[in-house]
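Undergrad: Okay, here's the structure, questions in a sec.
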Amino acid sequence: DRIDPTRDDAIVYLSDIYAGEGLKDIPRGTVKKLRLVSYHFLYPGMGGPQGVVGMEGPWDIKRILGTVQVEADGSAVFRVPANTPIAIQPLDEEGKALQLMRSWFTAMPGEVVSCVGCHESQNTVPPTKFTAAAYRSQPVEIDDWYGPARGFNFRREVQPVLDKYCVGCHNGQSQKDGSVAFDLRGLENITDYKSTFHFGGKDAGHFSTSYAELHRYVRRPGLESDYHMLTPMEFHADTTQLIQMLKKGHHGVELDREAWDRLITWIDLNAPFHGTWTEIAGKERVEHPARRRRELLKQYAGMDFDPEKIVNPVKSKVEPTAPRKTPAAKPDENIHKCSTWPFDAEEARRRRTALGPESKTIELGDGQKLEMILIPPGEFIMGDENGQRDERPASLVSINKPFWMARLEVTNSQYTMFDPMHDSRVESKHAMQFGVRGFYVNKPQQPVVRVSWENAMDFCRWLSRKTGKAFTLPTEAQWEYACRAGSDTDFNFGPRGTDFSRHANLADITLREFVCHPYKKQREPHKHATKYDDWIPRNNLFNDGGFVSEAGGRYEPNAWGLFDMHGNVSEWTRSAYRPYPYREDDGRNNLASDENRVARGGSWRDRPLRARSAFRLEYKPYQRVYNVGFRVVCPAE
């Protein structure tokens, strides 16, 4: 017999977390722990998906069991509670999920279950010889996550973080400029909740005002994301605006390790709000079915616990921490000595024509070609003294040699000449997906995305061999110099607040189309979408006509003749993410480094502030990001 009815646990043998497609191209040693999550499924006659456990979030209560260690070779052996639905999330050194298991497994009492790797083929069998490091030791126990296993509740797990670090400023009070800071105090529940789709009935919408505001800055799988296996790190916390903003030192806020962990775990669990069904539907409705479920679990599974019990109540009120003032970086004394910059479009054209031909076309075969623009040498002020912390100090940078830069971002059709198996995939729509699966970003003329920095560099090497020319990615300095095209404003087409409709594909009013009618077979914005379904942060003043990524050349080029330097998709640069001032000779452009790499330019998902000439984001070099592509450069002959 494979089970032991006297036990209440089971053992899991994991051969190699890196085996299978789930963590393809993730370097060995990246996974440090596994997060174990269970489910507290809804009771009959209550709940439902839309706006019940969370907004555009999980269908059922997520219960945190804890974490277990992973050996250096990717193996793990650990105990789990029997008769319990369990999902696994492999975590990096910062506790961020590298992949999401959107199903679950269960084990019978005393059973030993095995798993080869992360989303390995169903026909894959475990190794016949137990050589993995974890097999030579006793099964490890689950480490608690700040207390006993429990349903994840926003008020108990996340709100204390906001109380300590955020409400000092985000308190709903009037500001000096006349605006009103959005309220993260969470003192009240929203009272005007109404979902476009009316799922969940009277159980929906019981959320705090702070949750309703904060969840908007989290990109996550939603109710019904693409059912295919996710790209590794597809919904990694580093792709969310909330984490990106805090990593940049948002108004001097410095979170401690536990605060980071609580926010990251909330994101990885699909941003839930409630941790019990009693909090959703009330004691009177839940008491009977909960009691009956416990009776059946005790009788037939030997389990006796109360998932409705609040095991980690809210502690005493947290005193807000005043944001630290970030000391201003010492300005570059040479920035006032730049006499040849800025310059206008006429001067940009004069500088280009003075060097000879302004453009050239490189034939790739099969009807594919690269249009290249000659970028003349010059100097400019790199960075933004009024920008983010990582954009300062601004400094004088010289581009000493001319170079050719692709007029457009590399397209899907061009990239598949190098990698025929690549798929840029789709963006999942909001709410139910009975009709539209998602929004395609894999059409031939759309810019390629979900390619890592390493993939982009491999394309450049392939292109170099094919053409005999030395192609690579632009350095950060080359990219910003080319983007600015002589301008010293936030955008090459003007300052902040400029109507970007003719110039860039950014987060604008068209993003309302993420909320489609669930039963329509084509993309069509829902005519009666409410703010609780239509929540992606954006600029509603303008309509650039683009939705997700668009084919290059739709918007006006900058003064050099380059398209989409702002928006459409972000672009990898050659450079490692290091502090300013920028230096060409400090190793940041060394290809052998395994440091995080810089993406520039913003995308269709980014508001204008995040698409400025000086704005920077960092990602792991092996990370394939949903809105990051690239363009190529080569030296002028």
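Undergrad: Which of the three applies to segment 400-519, rounded, prolate or oblate, going by the alpha-carbon gyration tensor with a ≥ b ≥ c and a/c under 1.5 meaning rounded?
TA: oblate
Undergrad: How large are Rg and Dmax for the chain when calculated on the C-alpha trace, in angstrom?
TA: Here Rg and the maximum Cα pair distance are 26.2, 86 Å.
Undergrad: Please report the projected area of segment 7-123's Cα convex hull averaged over all directions, in nm².
TA: Over every viewing direction, the Cα hull of segment 7-123 projects on average to 8.4 nm².
Undergrad: Give me the distance in nm between label points sitting 7 Å out from Cα along the Cα-to-Cβ direction at GLU188 and ASN590, one decimal.
TA: Placing both labels 7 Å beyond Cα along the Cβ direction yields 5.7 nm.
Undergrad: As an exercise, identify the trypsin sites (Lys or Arg not before Pro) in segment 542-637 lying in DSSP coil whose Cβ has no more than 16 other Cβ atoms within 10 Å.
TA: Here the trypsin sites (Lys or Arg not before Pro) that fit, given the DSSP loop and packing criteria, are ARG554, ARG583.
Undergrad: Could you tell me whether segment 34-97 comes out rounded, prolate or oblate from its Cα gyration tensor? Rule is a ≥ b ≥ c as square roots of the eigenvalues, rounded for a/c under 1.5, then prolate if a/b exceeds b/c, otherwise oblate. Mind showing how you got there, number by number?
TA: On the way: a/c = 4.26, a/b = 1.88, b/c = 2.27.
Since a/c reaches 1.5 but b/c is at least a/b, the shape of segment 34-97 is classed as oblate.
Undergrad: How large is ³J(HN,Hα) for each residue in segment 350-365, as worked out from phi by the Karplus curve 6.51 cos²θ - 1.76 cosθ + 1.60 (θ = phi - 60°), to whole Hz, x for Gly and Pro?
TA: Coupling constants for segment 350-365: 4, 5, 5, 5, 5, 8, x, x, 7, 8, 8, 10, 10, 7, 9, x Hz.
Undergrad: Under a plain spin-label model, where a point goes 7 Å from the Cα along Cα-to-Cβ, how far apart in nm are ARG2 and ARG389?
TA: Computed distance between label sites ARG2 and ARG389 equals 5.2 nm.
Undergrad: With a cap of 16 neighbouring Cβ atoms within 10 Å, and only residues DSSP puts in a loop, list the chymotrypsin sites (Phe, Trp or Tyr not before Pro) found in segment 429-503.
TA: Those satisfying the criteria are PHE434.
Undergrad: With 22 Å as the cut-off, how large is the P(r) tail for segment 105-212, expressed as percent of Cα-Cα pairs?
TA: 64 percent
Undergrad: Keeping all protein chains in place, calculate the accessible area per residue for the chain (probe 1.4 angstrom), answer in Å².
TA: Normalised by residue count, the accessible surface of the chain is 44 Å².
Undergrad: Shifting gears a bit: Roughly speaking, what is the stretch gain from LYS531 to TYR227, that is 0.36 nm per residue apart minus the C-alpha to C-alpha distance, in nm to one decimal?
TA: My answer for the length gained is 106.8 nm.
Undergrad: A follow-up question, please. Where nothing but the Cβ of Lys and Arg (+1) and of Asp and Glu (-1) is charged, how large is the charge dipole of the chain around its Cα centre, in debye to the nearest 20?
TA: Here the chain has a charge dipole of around 540 debye.
Undergrad: Can you give the extra length, in nm with one decimal, that the chain gains between ARG583 and ARG465 once fully stretched, where that is 0.36 nm per residue apart less the Cα-Cα distance?
TA: 39.5 nm
Undergrad: Here's something else I'd like to know. For segment 502-620, what is the convex hull volume of its Cα atoms per residue in Å³?
TA: Given the Cα convex hull of segment 502-620, per-residue volume reads 154 Å³.
Undergrad: If you don't mind, there's one more thing I want to ask. With charges only on Cβ, +1 for K and R and -1 for D and E, what is the dipole size of segment 386-441 about its Cα centre, in debye, rounded to 20?
TA: In debye, rounded to 20, segment 386-441 gives about 120.
Undergrad: Using only alpha carbon pairs under 8 Å that are at least six residues apart, calculate the relative contact order of the chain and give it in whole percent.
TA: RCO, the chain: 14 percent.
Undergrad: Further question on the same structure: What does the convex hull of the Cα atoms of segment 228-282 come to per residue, in Å³, rounded to a whole number? Don't jump to the answer; show the numbers that get you there.
TA: Values: hull volume 6.9 nm³, N = 55.
Per residue, the Cα convex hull of segment 228-282 comes to 126 Å³.
Undergrad: Using the Cα centre as the reference, give the magnitude of the dipole from point charges on the C-beta atoms of segment 596-637 (Lys, Arg: +1; Asp, Glu: -1; all else neutral), rounded to the nearest 20 debye.
TA: The dipole of segment 596-637 has a size of about 220 debye.
Undergrad: Here's a follow-up. Sorted from largest down, give the three principal axis spans of the alpha carbons of segment 232-358, whole angstrom values.
TA: For segment 232-358, the Cα extents along the three principal axes come out at 86, 42, 25 Å.
Undergrad: Ignoring ligands, DNA and RNA, what percent of the 1.4 Å accessible area of segment 1-79 is carbon and sulfur?
TA: Carbon with sulfur: 50 percent of the solvent-accessible area.
Undergrad: Something else now. Which shape class applies to segment 492-564: rounded if a/c is under 1.5, otherwise prolate when a/b exceeds b/c and oblate if not, where a ≥ b ≥ c are the square roots of the Cα gyration tensor eigenvalues?
TA: Oblate shape, in that a/c is at least 1.5 and b/c is the bigger or equal ratio.
Undergrad: Need one number: nm distance between label points at TYR300 and ARG523, each 7 Å from Cα along Cα→Cβ, rounded to one decimal.
TA: 4.6 nm
Undergrad: Something else now. Summing -39500 (n - 2.57) over the DSSP H runs of n ≥ 4 in the chain and dividing by its residue number, what mean residue ellipticity at 222 nm do you reach, to the nearest 500 deg cm²/dmol?
TA: -4500 deg cm²/dmol
Undergrad: Let me ask something else about it. Towards the positive end of the charge dipole of the chain, with charges on Cβ (+1 Lys, Arg; -1 Asp, Glu), say which of TYR227, ILE142, THR361 has the farthest Cα.
TA: It is TYR227.
Undergrad: What number, in nm² with one decimal, is the all-direction average of the projected area of the convex hull of the alpha-carbon atoms of segment 163-244?
TA: Answer in nm², one decimal: 7.8.
Undergrad: What are the trypsin sites (Lys or Arg not before Pro) within segment 71-112 that DSSP puts in a loop, where the Cβ has at most 14 other Cβ atoms within 10 Å?
TA: Passing sites in segment 71-112 are ARG102.
The values are calculated or read from the model by the stated rules, or taken from the named source; none is laboratory data. None of these values were measured; they are calculated from a predicted model. Note: ideal-geometry Cβ built from the backbone for every residue, glycine included; neighbour counts use all protein chains shown. Only protein heavy atoms, including side chains, enter the accessible area calculation; ligands, DNA and RNA are left aside. Shrake-Rupley method; radii C 1.70, N 1.55, O 1.52, S 1.80 Å.
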